[in-house]
Amino acid sequence: VLFSTTASIKLEGYSFSEGVNLVIGDLELPAESYIVVCGNDTAFANTFGFQADAQWASGALSNGGEQITMLDASGDIVFSISYDDNQPWPENADGDGPSIELCDLDEDFTMAGSWGASNVSTGVLIDGTEIFGSPGSSNNSDCGLNFDISVEVSSNVFTPADITIDIGQTVLW
């Protein structure tokens, strides 16, 4: 989980209401930092060499995609995203080794094109598959955005002025 804020956030009582069952304990997230959550902190530590910040109590994240919703301590939605394992989402992050990573914190994280498959090797093999990801550090900056077309809008002028968008393509406005 990655956040970009200009101030620290007290996460005590924050929870995931969809995806996994997790209520975060006494944890403060410093500005412009991240936390690592996992399903089995012992297995995670044995695999990656450090402890995760939190472990969910039950549930799992589906390789096939699902809705993930995080609530603050008052029960208000902090974010909600529905990811998938089909285009325009990174298809090689569907059990082929890479995790998905948010590429640009300033983009709309609910859009598939804001996510890419990690290309950072963890040095870990699981059942003969090399695992790619960046647990415990910032996402790699070169994971690439998955937009097929980018359109800039400035003073009511679109650049490029004319485009053809095919079914299934994603557009960054």
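For this structure, a couple of remarks:
- Kirkwood-type radius of region 57-119, with distances r between different C-alpha atoms, in Å: 12.7 Å
- Less than 5 angstrom separates the built amide H of residue 33 from those of 3, 5, all sequence-distant by 5 or more or on a different chain.
- Scalar couplings 3J(HN,Hα) for region 151-159, obtained by applying the Karplus form with A = 6.51, B = -1.76, C = 1.60 to θ = phi - 60°, are 10, 9, 10, 9, 6, 6, 10, 9, 10 Hz; x denotes Gly and Pro.
- Most positive-pole-ward Cα, 15, 49, 78, against dipole of the chain from beta carbon charges: 49
- With q set to 0.09, 0.10, 0.11 Å⁻¹, the log10 of I(q)/I(0) for the chain, from the Debye formula over equal scatterers at the Cα positions, is -0.36, -0.44, -0.53.
- Average accessible surface area per residue within the chain, 1.4 Å rolling probe, Å²: 57 Å²
- Sequence-distant residues sharing a close amide H with residue 18 (under 5 Å, placed H): 69
- Label sites at residue 46 and residue 86, each approximated as a point 7 angstrom past Cα along Cα to Cβ, lie 3.7 nm apart.
- Overall form of region 15-62 per C-alpha gyration tensor (a/c, 1.5; a/b vs b/c): oblate
The values are calculated or read from the model by the stated rules, or taken from the named source; none is laboratory data. Quantities reported herein were computed from a predicted structural model and do not represent experimental measurements. Counting neighbours? That spans all protein chains shown, and the Cβs are built from the backbone with ideal geometry, glycine included. Ligands, DNA and RNA are excluded from the accessible area calculation, which covers all protein heavy atoms including side chains. Shrake-Rupley method; radii C 1.70, N 1.55, O 1.52, S 1.80 Å.
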